[in-house]
1. Which chymotrypsin sites (Phe, Trp or Tyr not before Pro) in the stretch 80-163 sit in a loop by DSSP (not H, G, I, E or B) and have at most 12 other Cβ atoms within 10 Å of their own Cβ?
2. For the stretch 35-173, with only Lys/Arg (+1) and Asp/Glu (-1) charged at the beta-carbon, what is the dipole magnitude about the Cα centre, in debye rounded to 20?
3. Set the Förster radius R0 to 25 Å, insert the Cβ-Cβ distance between residue 46 and residue 143 as r into 1/(1 + (r/R0)^6), and round the FRET efficiency to 0.05.
4. Quick check for me: using +1 on Lys/Arg Cβ and -1 on Asp/Glu Cβ, what's the dipole size of the stretch 102-154 about its Cα centre, in debye to the nearest 20?
5. Going toward the positive end of the dipole of the stretch 35-173, with +1 on Lys and Arg Cβ and -1 on Asp and Glu Cβ, which of 73, 47, 93 do you reach last?
6. Residues of the stretch 126-140 with the amide nitrogen closer than 15 Å to a label point 7 Å from the Cα of residue 102, along Cα-to-Cβ, please.
7. For the stretch 35-173, what's the relative contact order in percent, using C-alpha pairs closer than 8 Å and at least 6 residues apart?
8. Based on the alpha-carbon gyration tensor of the stretch 35-173 and its eigenvalue square roots a ≥ b ≥ c, which shape applies: rounded if a/c is under 1.5, prolate if not and a/b is larger than b/c, or oblate?
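Just so it is clear, none of the values below were taken in a lab; they were calculated from the coordinates. Fair warning: this is a prediction, and the values are worked out from it, not measured in the lab. Cβ: placed from backbone, ideal geometry, glycine included. Neighbour counts: every protein chain shown.
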Amino acid sequence: MKHLLLLVTITFVLSCCSKDDNDPKEPLSPAAQTGAGTFACKVNGQNFIDTSGGYFNCYYQLIDGAYYFGIQGLDSVIDLTSITFGTEKKEINEGNTYILFEILDGNVWGGVGFSSENNPYKFVSTNSQYTGELTITKFDFTNKIVSGTFWFDIKHPTTGETVEIREGRFDTLFTQ
């Protein structure tokens, strides 16, 4: 009887375990264009899936005659805690691919936030040496839907190693 009780207990405990959302073997959700509130990619081969529940900050605003776009996903992979994209005085358009450069007027850029127990938060952005691409696959101004894919490399601020951001995709609503 003790063995049966032990077996039932072990079976129950194991059935309550859930898979880790950041399991690198699990595929990322497919790229979508419905405003679903998703943001995901691979960071050095590990899944980075936004943990804010689809309420991450995304905007496309006209300020003093110039457009600014911004989106940020949050998760924790190693010591990388956020991935951000933005434009500085630059419009975005559906079907266009943008090279990620420095945070300067007229540019599109990507950035990463690093934070760990031993190191305070550090933000690092793309530049002429560490670059990538952002493609806007859907831009519906009427329904405020923006979707895209991305990849880029970034220099880790502590180790100096190259961090590879790959298979990136987002699909969300934006505010104006």
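1. Those that pass, being in a loop and sparsely packed, are 121, 141.
2. 100
3. Using R0 = 25 Å, I get an efficiency of 0.15.
4. 160
5. Toward the positive end, the furthest listed residue is 93.
6. Flagged as within label range: 126-131.
7. 24
8. On the way: a/c = 1.79, a/b = 1.39, b/c = 1.28.
Here the stretch 35-173 falls in the prolate category.
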